[in-house]
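*Asks:* Sending over a structure as structure tokens; questions will come in a sec.
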Amino acid sequence: MAERYGEQLANELPEADAVLGFDDYTSIGDRLRSILAGNPHVPHVPQDRRKLLPVTPVERQAAAGAVPGHGAAVAAPDLPGDVAPASGPRAVRRRLDGGPMAPLKLASGCDRACTFCAIPMFRGSFLSRRPTDLLDEARWLADQGAKELFLVSENSTSYGKDLGDLRLLETLLPELAAIDGVERVRVSYLQPAEMRPSLVEAMTSTPGVLPYFDLSFQHASATVLRRMRRFGSTEPFLELIETIRARTPEAGIRTNVIVGFPGETEEDVAELEDFLTRAQLDVVGVFGYSDEDGTEAVAFDGKVDPDEVADRVEQVTTLVDDLVAQRAEDRIGETVDVLVESVVDGVVEGRAVHQGPEVDGTTTVAGVEASIGDTVRAVVVDSDGADLTAKPAR
């Protein structure tokens, strides 16, 4: 919000001393000292951050110092051990909770030109963090008690392309999984059009790397996807899912879809529903299209009436609820490894391998004593929506 609407927010919130954008990160201490001294802060004026880095990906690393969290590592031997190692502009950072899962930033920005998405404008062009920086932070997170590393970015499948190696993620994953204390490595936000056999193999065969596929399908109709400036359609998507499950039948696969995109017809919705029915995904997020400032789709013709968009969201959501519940029910009898995240009044709750943090349901294990951070092997005995109930495996 601050990066995208900084000047407007400053005008609308006079009680706020300042609205700071990403460029202020590099000198955040100086900015705060100036504000506390009573000096007025010039409101942040939004800009298209894609213009800050070279168009050619391999030329971006030299300019990466302008992006928080990127650049050469900064040594700080005088700081306590609970402060994260830094790269780029120095920031003192600590974990805010002691849970067994920790996100690890893989990259910033996105080079894709989806017509509905404004993220590249305020996040900028795609920029990978260097493997050495990621491994340093991963070791620090493990020392702080993290058992599961959740790799996050706007597009994880592009990792390494600006470092001269588009398959760098396949090399990095086993190195992260081999760190002492790290038991699970989970990758988020994979672009179906950029999935490659070597990445599928790495994610389904590397010990410690979870067979969890957060695939951003967005739709299944080729017509709608082309207007979104995306690739794929029902059959290629199903082939990808089949490839994954042929290697690891119990793999977790989730997605998000948008309904009501300009030009979407009832036939397109029917195709999306057919795809979802055949795909049998673990979790599906359903979103209704709405215009985003500055995106190409704002000017598209064929806008769907908002009431019809809402109806389509309800229609697809009703289907998805049934499909997700059935997929979870199909896991009854399956043996799962549950990372314990809470123990309340003897009730142990956590996440199985196919369940990502916060959005993919949880697994409750009955009749077991465990502590937060333990991994419990259990057999699924019941389900409720995406949530599972299990008992200890014998």
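The values are calculated or read from the model by the stated rules, or taken from the named source; none is laboratory data. Source: prediction; values computed, not measured. Cβ: placed from backbone, ideal geometry, glycine included. Neighbour counts: every protein chain shown. Side chains are part of the model used for accessible areas, which takes the heavy atoms of the whole protein and leaves out ligands, DNA and RNA. Shrake-Rupley method; radii C 1.70, N 1.55, O 1.52, S 1.80 Å.
*Asks:* Kindly identify the stretch 244-360 as rounded, prolate or oblate by the Cα gyration tensor criterion: order the square roots of the eigenvalues as a ≥ b ≥ c, call it rounded if a/c is under 1.5, otherwise compare a/b with b/c, prolate if a/b is larger, else oblate.
*Replies:* Because a/c hits 1.5 or more and a/b exceeds b/c, the stretch 244-360 counts as prolate.
*Asks:* Given the options Val286, Leu172, Thr364, identify the residue whose Cα lies farthest towards the positive end of the charge dipole of the chain (+1 on Cβ of Lys, Arg; -1 on Cβ of Asp, Glu).
*Replies:* Leu172
*Asks:* Picking from Arg351, Arg226, Arg186, which is most flexible by a Gaussian network model of the chain using Cα springs under 10 Å?
*Replies:* Fluctuation is largest for Arg226.
*Asks:* Then there is this: Pick out, from Gln315, Gln355, Thr335, the residue whose Cα sits farthest towards the positive end of the charge dipole of the stretch 302-366, with +1 on the Cβ of Lys and Arg and -1 on the Cβ of Asp and Glu.
*Replies:* Result: Thr335, furthest along the dipole toward the positive end.
*Asks:* Still on this model: What order, most packed first, do the peptides 52-61, 332-341, 24-33, 251-260 have when packing is the mean number of other Cβ atoms within 10 Å of each residue?
*Replies:* Output ranking for 52-61, 332-341, 24-33, 251-260: 251-260, 332-341, 52-61, 24-33.
*Asks:* Calculate, for the stretch 94-248, the solvent-accessible area per residue in square angstrom, rolling a 1.4 angstrom probe over the heavy atoms of the protein chains.
*Replies:* 37 Å²
*Asks:* In whole Å, what are the extents of the chain along the principal axes defined by its C-alpha atoms, from largest to smallest?
*Replies:* Ordered largest first, the chain gives principal extents of 63, 55, 44 Å.
*Asks:* Work out the charge dipole of the chain with +1 on the Cβ of Lys and Arg and -1 on the Cβ of Asp and Glu about the Cα centre, then indicate which of Val324, Thr56, Phe150 is farthest towards its positive end.
*Replies:* Looking along the dipole axis, the top candidate is Thr56.
*Asks:* Further question: Calculate the radius of gyration of the Cα atoms of the stretch 333-386 to one decimal place, then report Dmax, the largest Cα-Cα distance, as a whole number, both in Å.
*Replies:* Computed over the Cα atoms of the stretch 333-386, radius of gyration and Dmax are 10.2, 26 Å.
*Asks:* Peptides 115-123, 210-218: what's the order by average Cβ count within 10 Å, highest mean first? Intermediate results must be reported in sequence, preceding the final value.
*Replies:* Numbers: 115-123: 19.2, 210-218: 23.4.
Those peptides, ordered most packed to least, come out 210-218, 115-123.
*Asks:* Just how large is the dipole of the chain about the Cα centre, in debye to the nearest 20, putting +1 at every Lys and Arg Cβ and -1 at every Asp and Glu Cβ?
*Replies:* Details: 39 positive and 67 negative charges, 345 e Å.
Taking the Cα centre of the chain as origin, the dipole is about 1660 debye.
*Asks:* Let me ask something else about it. Which net charge results for the neighbourhood of Ser156, defined as the other residues with beta-carbon distances under 10 angstrom from its beta-carbon, given Lys and Arg at +1 and Asp and Glu at -1?
*Replies:* Neighbour charge sum, excluding Ser156 itself: -3.
*Asks:* Separate question: Considering only protein heavy atoms and a 1.4 Å probe, what is the carbon-and-sulfur percentage of the accessible area of the stretch 146-301? Present the calculation step by step, with values, prior to reporting the outcome.
*Replies:* Details: 2940 of 5860 Å².
The nonpolar share, carbon plus sulfur, comes to 50 percent.
*Asks:* With no solvent and one equal point scatterer per Cα, compute the Debye intensity ratio I(q)/I(0) for the stretch 166-289 at 0.16, 0.17, 0.23 Å⁻¹ and report its log10, rounded to two decimals.
*Replies:* Reported log10 I(q)/I(0), two decimals: -0.77, -0.85, -1.32.
*Asks:* Under unit Cβ charges (Lys, Arg +1; Asp, Glu -1), what dipole magnitude, rounded to 20 debye, does the stretch 267-332 have relative to its Cα centre?
*Replies:* Once rounded to the nearest 20, the dipole reads 400 debye.
*Asks:* Moving on. So how do 136-142, 292-298, 152-158 stack up, highest first, on mean other-Cβ count within 10 Å?
*Replies:* 152-158, 136-142, 292-298
*Asks:* When the helices in the chain are scored as -39500 (n - 2.57) per DSSP H run of 4 or longer and the sum is shared across all residues, what 222 nm value do you end up with, to the nearest 500 deg cm²/dmol? Please list the in-between numbers first.
*Replies:* On the way: 10 runs with 116 residues, N = 394.
Helix-only estimate at 222 nm: -9000 deg cm²/dmol.
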